[in-house]
Amino acid sequence: MGKYIILLGPPGAGKGTQAQIIAKEFGLAHVSSGDLFRENLKNQTELGKLAQGYMNRGELVPDDVTIAMVKERISRPDCAQGVLLDGFPRTPAQADALEKVLAELGGKVSCVPYISVAPDVLIERLSGRWTCPACGNVYHEKYNPPKSAGKCDKDGSELIQREDDKPATVERRIRVYMEQTAPLIQYYQDRNLLVEVDGTQSIESVSQQMLAAIRKG
Ligand code: ADP
Ligand code: ADP
């Protein structure tokens, strides 16, 4: 049976950064709903066109299309050993839908590491975030700079700043998180799956604590 892990935390908490490390360690597929939307955007699919306005405003894409997209992705063969979900679920309705999909696949959520970081730190992280448009790898100009300025360590692509990492949108995204996603902390606490990790520590310390929590979970 597959191992299904959900990374919970506000925008900028370090979900994507940790997901890379954890997915490799446990041999899981890394499924990021944000990356899936950005891929659709780049390819100008119908889904991408629909998602674009919501993403640019820093709002959530409606549950029905988001759930359908993730369901299709986690049903593929490369997800049979398990999945590390990054950025999904983001609403209680998405969490309920995920429970059903996993039951159909014969699995269930085994652990929900929650990376907690205060809002002022999030703003600093997102405004200094640089992303590789080719592979999705993320950097921070101060906390996690690439080896060669402005270039991805993995494939050498020119790094970009995401449109929705501009200050006004960042504040909106944090508000949306507080209102629509934060209730999932209680949701998974009630199911005894939540493990809180202090996300203000170094990337390495956060990883160590998350790996230990997942091994236990
Ligand atoms: P999320 O996927 O939760 O939005 P990211 O993994 O993209 O978060 O990280 C947001 C930004 O913060 C990136 O620029 C990343 O390099 C940086 N970052 C991630 N973890 C840490 C950390 N523990 N300390 C300092 N900066 C971090
Ligand atoms: P971050 O890593 O900074 O938290 P993401 O890359 O996860 O941001 O998400 C970028 C945008 O994609 C969100 O602001 C939202 O518009 C959309 N999105 C991603 N995941 C979801 C989801 N599970 N439900 C609804 N919208 C989503």
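The values are calculated or read from the model by the stated rules, or taken from the named source; none is laboratory data. Values in this document were obtained by computation on a predicted structure and should not be read as measured data. For neighbour counting, all protein chains shown are included, and Cβ atoms are generated from backbone atoms with ideal geometry for every residue, glycine included. In case anyone asks, the SASA skips ligands and DNA or RNA and just uses the protein heavy atoms, side chains included. Shrake-Rupley method; radii C 1.70, N 1.55, O 1.52, S 1.80 Å.
Details
- Positive-end residue, the chain charge dipole about Cα centroid, Cβ charges, pick of 134, 184, 8: 134
- Distant-in-sequence amide contacts of residue 82, defined by a placed amide H-H separation under 5 Å and a gap of 5 or more residues or a different chain, comprise 3, 29.
- Solvent accessible area, Å² - residue 196, 1.4 Å probe, full protein context: 120 Å²
- For the set 108/151; 100/154; 15/166; 100/151, the pairs lying more than 30 angstrom apart at their alpha carbons are 108/151; 100/154; 100/151.
- Around the amide H of residue 196, modelled in the peptide plane, lie the amide H atoms of 114, all under 5 Å away and 5 or more residues distant in sequence or on another chain.
- Per residue, the average separation of C-alpha pairs within less than 8 Å and at least 6 apart gives the chain a relative contact order of 30 percent.
- Accessible area per residue, Å², the range 32-116 with all protein chains present, probe 1.4 Å: 46 Å²
- Within the chain, the longest run free of trypsin sites (Lys or Arg not before Pro) that sit in a DSSP loop with at most 10 other Cβ atoms within 10 Å is 1-141.
- Here the calculated FRET efficiency for residue 203 and residue 134, from their Cβ-Cβ distance with R0 = 22 Å, stands at 0.50, rounded to the nearest 0.05.
- Under the convention that each Lys and Arg Cβ holds +1 and each Asp and Glu Cβ holds -1, the size of the dipole of the range 61-155 around its Cα centre is about 300 debye.
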